[in-house]
Amino acid sequence: MKIKGTGSAHPSLTLTNDMLAEFLDTSDEWIVSRTGIKQRQIMSDENLKDLAISAAKNALEDAGTDARDIDFIICSNVVNEYVTPSLSCLVHKGIDASCPCVDINAACSGFLYALQIAEAYQKAGMAKNILIVCAEEPTRMVDWNDRRTCVLFGDGAGAVVVTEGDDLKAIKVTNTSKTDVLYEQRCLEPTPFISKEEQNIPLQMKGQEVFKSAVSSSIKDITDVATEAGVALEEIDWFILHQANLRIVEGVCKLLRQDLSKFPHNVEFYGNTSSASIPMLLDEMNKRGDLKDGDKLVFSAFGAGFTTGACLIEWSAKK
Ligand code: UT7
């Protein structure tokens, strides 16, 4: 498999830390020192489906691929306004595609899960060109009175078009059933037959536990994919990590004994955008011309579940 094009889209409203401090007991100093986040783009009047469609069109244009030539669409999404049809169906309509499509929810690791599914489809001969769209609005999952969670997140969409090739050198995904460290619960429609107590519980997170799991799983996953690909860590040009917290990125960098310049980050400007964060950052780097032919890229993500994933890609510049 190889990545043929990238795209992204962001909501228009910029929410700075100082704006948060106007209604929450928090400060720019606390948020920057604990997370690196200075601001985030968040949903106001937009719909997530429009952002997802915009990122998808952007990636198709970059790949030079017509939507009619896409054989399969995978959307990674945790929540959006529609329960059904799936977000991938809405993207399908928005870009005028003609292929099957499906949504997956692997939380912040969704991009890695989607890449692995895409490669399996290609290997099985079921699809050649696959569109992956990661679109997320975690700002609609949190309690905006809870300073421990709401300051961390932003919304956005990132997309890639993948086609056949030999760029993906190794990929792994994992899950350990730590379902209580990061979760949100919501009520379904009542029925005359339901008597159990149900309640909406906005996003709950055991921050320090997630932080420690994130650092240790990233290190293990990155080491595993590098070993499988027969590539030394020193040979890797870019470590593109899920953008949840700058301190997690720095912690992984330090423990892997690598140079911080190989760990690009944009969490300062977008916060944690769940599974959209890696394809959004990849698009930024691709459009800026950071990625050279033959560069070795590692992606590594972690999220609710506790899911994780990593892969090693040798980037082919054009396509
Ligand atoms: O996509 C995966 C999802 N999540 C993550 O990757 C998050 C991983 N975890 C983290 O990034 C960090 O644990 C946080 C940034 C969430 C929290 O940082 P921390 O250094 O672990 O802080 P803490 O939870 O230990 O809280 C320290 C203090 C507490 O006050 P007390 O009890 O010591 O008086 C909190 O109430 O900081 C307080 N606090 C805040 N203060 C100002 C928590 N949130 C805030 C806030 N502003 N926004």
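The values are calculated or read from the model by the stated rules, or taken from the named source; none is laboratory data. Being a predicted model, the structure only gives us computed values, none of them experimental. Backbone-built Cβ (ideal geometry, glycine too); neighbour counts: all protein chains shown. Ligands, DNA and RNA are excluded from the accessible area calculation, which covers all protein heavy atoms including side chains. Shrake-Rupley method; radii C 1.70, N 1.55, O 1.52, S 1.80 Å.
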Per the filter on the stretch 214-247, residues under 19 Å from the mean Cα position of the chain (by Cα) and open to solvent by less than 10 Å² (accessible area, probe 1.4 Å) are Ala214, Ser218, Asp221, Ile222, Val225, Phe239, Ile240, Leu241, His242, Gln243
Within the bounds of the stretch 26-33, is there any residue that is touching a helix residue (DSSP H, G or I) at 6+ places or on another chain (Cβ under 8 Å), surrounded by 17 or more Cβ atoms within 10 Å (Cβ to Cβ), under 17 Å from His10 (Cβ atoms) and not assigned by TED's automatic domain parsing to the domain that holds Gln185?
no
Among residues of the stretch 213-222, those that are near the ligand (Cβ under 10 Å from one of its atoms) and among the small types (Gly, Ala, Ser), counted
2
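Would you list the helices (runs of 4 or more DSSP H) that sit entirely within the stretch 1-93 and hold 1 or more residues that are of a type in the set (S, T, N, Q), within 16 Å of the ligand (Cβ to nearest atom) and in contact (Cβ under 8 Å) with a residue 12 or more places away in the chain?
Because the criterion is at least 1 residues that are of a type in the set (S, T, N, Q), within 16 Å of the ligand (Cβ to nearest atom) and in contact (Cβ under 8 Å) with a residue 12 or more places away in the chain, the helices (runs of 4 or more DSSP H) in the stretch 1-93 that meet it are 17-21, 28-35.
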Of the residues in the stretch 79-100, those that are under 19 Å from the mean Cα position of the chain (by Cα) and surrounded by fewer than 22 Cβ atoms within 10 Å (Cβ to Cβ) come to Val79, Asn80, Glu81, Ser86
Test for Asp259: is it assigned by TED's automatic domain parsing to the domain that holds Tyr183, closer than 27 Å to Lys4 by Cβ, without any contact (Cβ under 8 Å) to a residue 60 or more places away in the chain and surrounded by fewer than 16 Cβ atoms within 10 Å (Cβ to Cβ)
no
Here the residues within the stretch 198-212 that are within 22 Å of Asn105 (Cα to Cα), within 15 Å of the ligand (Cβ to nearest atom) and either open to solvent by 60 Å² or more (accessible area, probe 1.4 Å) or touching a strand residue (DSSP E or B) at 6+ places or on another chain (Cβ under 7 Å) (or both) are Pro202, Leu203, Gln204, Met205, Lys206, Glu209, Val210
Kindly list the number of the only condition in (1) out of contact with any His (no Cβ under 9 Å at 6 or more places or on another chain); (2) touching a residue at least 12 places away in the same chain (Cβ under 8 Å) that fails for Gly156.
(1)
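Please work out if Asp71 is assigned by TED's automatic domain parsing to the domain that holds Met19, touching a Lys or Arg at 6+ places or on another chain (Cβ under 7 Å) and among the acidic types (Asp, Glu). Show your work before the answer.
Numbers: assigned by TED's automatic domain parsing to the domain that holds Met19: yes; touching a Lys or Arg at 6+ places or on another chain (Cβ under 7 Å): yes; among the acidic types (Asp, Glu): yes.
Here the answer is yes, as Asp71 does meet what is asked.
Of the residues Asp155, Asp166, only one is surrounded by fewer than 17 Cβ atoms within 10 Å (Cβ to Cβ) and modelled with pLDDT of 95 or more; which? If you could, list the steps in order and put the result at the bottom.
Values: Asp155 fails: surrounded by fewer than 17 Cβ atoms within 10 Å (Cβ to Cβ).
Selected residue: Asp166, the only one of Asp155, Asp166 that is surrounded by fewer than 17 Cβ atoms within 10 Å (Cβ to Cβ) and modelled with pLDDT of 95 or more.
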Matching residues, the stretch 105-118, being more than 16 Å from the ligand (Cβ to nearest atom) and open to solvent by 60 Å² or more (accessible area, probe 1.4 Å):
Gln116
Members of the stretch 231-253 found to be over 17 Å from Val151 (Cβ atoms), assigned to a helix (DSSP H, G or I), within 16 Å of the ligand (Cβ to nearest atom) and not charged (D, E, K, R), listed by number
Val249, Gly251, Val252, Cys253
